Amino acid sequence: MSRLVCVSNRISLPRRGATPGGLAVGVLAAMREQGGLWFGWSGETSADTAARTQVAVRDQISFATIDLTQTLYDRYYRGFCNTTLWPLFHYLTDRFRYDHEWHDAYRTVNRQFAERLVPLLEPGDRIWIHDYHLIPLARELRELGVTQPIGFFLHIPFPHLEVLRLLPAYAEVVRDLTHYDLIGFQTEPDELSFRASLAGVYPEGAPAVRSGVFPIGIDVDAVAAEASAAMRTEPVRRMVDGLLGRPLIIGVDRLDYSKGLVERFTAYQLFLERHAELRGRLTYLQIAPLSRSDIQSYSQIRQALEQATGRTNGRFADTDWTPIRYLNRNFPHGTLMGFMRASQVGLVTPLRDGMNLVAKEFVAAQDPADPGALILSSLAGAARELTSAVIVNPYDLRGVAEAIAAAFAMPLAERQQRHAAMIEALRRHDLRGWYTDFLVSLEASRGLLR
Ligand code: ADQ
């Protein structure tokens, strides 16, 4: 079989105790099965990045990394990726900012990625590029003479053309995507938005571009096994003991404004106001490690959450009850799965999300004999598959407050029925299916299977 070369902005070296995020889990699973090369930014900045590529080999995977200069880090990563494309693609247009220099840096980094990657490529490679940081990379590689198949997967939503048009160079984004042999999206609406953008940018007819929907999933059995094993571990036992028998509502998110945490905290406070009879009877645990904390909007949300926690706890706490426990830290994946299994309600309310693997993990982590209920935002990609969750609009604070009360009161038979339906949905599109389907389609797109 030909070698798989994955490229993503950041790579995640498997380290003891390290917790890779959503994208990294998917890429690692594909690479572990297929072997190959994973190329990306090291996460470090250094003054001289000229042609230095560090290569390490772990678990049959070669990892090649490059550093960025501080200026490129500021303009490309903090600027164009995190302050231009991220909010725009999540439809959060009030957070969208644009700067020509950021855009130039984005082009520069993509060119650098291409220049450093080319010498590492072999003739039979299949190249799989991940996410919005690297949209121009296929064009750059083609310009340097690369002829191998190149696929792209977008982990975040693809916005509607009328939103994309806020970006001055929106047409360039769409044109750059046409250089891929296959473009994968999380959901059908994302793919439809892309096709509509193609039609908008090429009124006289777009070049032929193959695209498809490949919803990312999880390894259902592995998560279930991890969750039940974690129940016997010290951190999970201590957490459960600290609840003093009270049911638990859990939220697990990167600290990012797209995850709707400020709205969620407000909805929880509203729930306590509207349901005095439930005060003191359940605890909300929110785990949200800091991410991108040097960007202003991220420090703002952090402050807002600390204030909201203080307000709610100040107003409702009792001598033996804390309404919100808010932890800004990382836990090993297994421990998180144990926390989820120990919870009666999972609260996943992003304002917009490509997929959201936490929702899927919450379902798989449950004890099928007594499963917890999932409250899920209609604006997460996962809501298209997990239709048996309690679906909410994350902006509808009263709706979320009432969903918490409903989930808390849900009878066992209904919880079991919804859980079984959701497990079935998870098995239909699991992690292995995600990368296998994508790679089969990529090969087919180049006629390699014909
Ligand atoms: P993310 O926005 O990072 O991913 P998500 O899909 O929820 O979001 O994945 C997060 C992963 O990190 C999960 O596996 C979760 O268990 C883990 N995680 C979250 N909080 C953690 C914590 N406090 N400690 C340790 N681990 C934690 C992007 C897109 C998503 C898309 C994924 C995959 O934004 O929409 O689902 O890529 O394509």
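Structure values in brief
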quantity: For the chain, accessible area per residue (1.4 Å probe, heavy atoms of protein chains only), Å²; calculated: 41 Å²
quantity: FRET efficiency, 1/(1 + (r/R0)^6) with R0 41 Å, evaluated for ARG428 and GLU44 via beta carbons; calculated: 0.55
quantity: Net charge contributed by nearby residues that have their C-beta within less than 13 Å of LEU182 (K/R +1, D/E -1); calculated: -1
quantity: Long-range Cα-Cα pairs in region 318-422 (distance over 18 Å), rounded percent; calculated: 50 percent
quantity: Fraction of beta bridges assigned by DSSP in region 291-443 that are antiparallel (%, nearest 5); calculated: 10 percent
quantity: Within the chain: Cβ-based charge dipole about Cα centre, in debye rounded to nearest 20 (Lys, Arg +1; Asp, Glu -1); calculated: 540 debye
quantity: Longest to shortest principal axis, alpha-carbon extents of the chain, angstrom; calculated: 68, 45, 43
quantity: Size of electric dipole in region 220-428: Cβ of Lys, Arg +1 and of Asp, Glu -1, about Cα centre, debye, nearest 20; calculated: 180 debye
quantity: Three semi-axes of the equivalent ellipsoid, region 119-260, Cα gyration tensor, whole Å, largest first; calculated: 41, 21, 13
quantity: Average Cα contact separation per residue, region 220-428, under 8 Å, 6 or more apart, as relative contact order %; calculated: 26 percent
quantity: Antiparallel %, DSSP beta bridges [both residues in the chain], to 5; calculated: 10 percent
quantity: Column: log10 I(q)/I(0), Debye, Cα scatterers of region 99-145, q = 0.33 Å⁻¹; calculated: -1.34
quantity: LEU166/ASP241 FRET efficiency (R0 51 Å; Cβ-Cβ; nearest 0.05); calculated: 0.55
quantity: Rotationally averaged projected area of region 220-428 (alpha carbon convex hull; nm²); calculated: 10.8 nm²
quantity: Phi to ³J(HN,Hα) by Karplus 6.51 cos²θ - 1.76 cosθ + 1.60 over region 178-195, Hz, x for Gly, Pro; calculated: 5, 7, 8, 6, 8, 10, x, 10, 6, 9, 4, x, 5, 5, 4, 4, 5, 5
quantity: Label-point separation in nm, ARG210 to ASP370, each point 7 Å along Cα→Cβ; calculated: 5.0 nm
quantity: C-alpha center-to-center spacing [region 226-278, region 127-149] in angstrom; calculated: 41 Å
quantity: ³J(HN,Hα), Karplus 6.51/-1.76/1.60, whole Hz, each residue of region 159-174, x for Gly, Pro; calculated: x, 4, 3, 5, 8, 4, 5, 5, 7, x, 9, 4, 5, 5, 4, 5
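The values are calculated or read from the model by the stated rules, or taken from the named source; none is laboratory data. Model, not experiment: these values are computed from the prediction. Note that each Cβ is placed from the backbone with ideal geometry, even for glycine, and that neighbours are counted across all protein chains shown. Ligands, DNA and RNA are stripped out before the accessible areas are found, and what is left, the full protein with its side chains, is counted by its heavy atoms. Shrake-Rupley method; radii C 1.70, N 1.55, O 1.52, S 1.80 Å.
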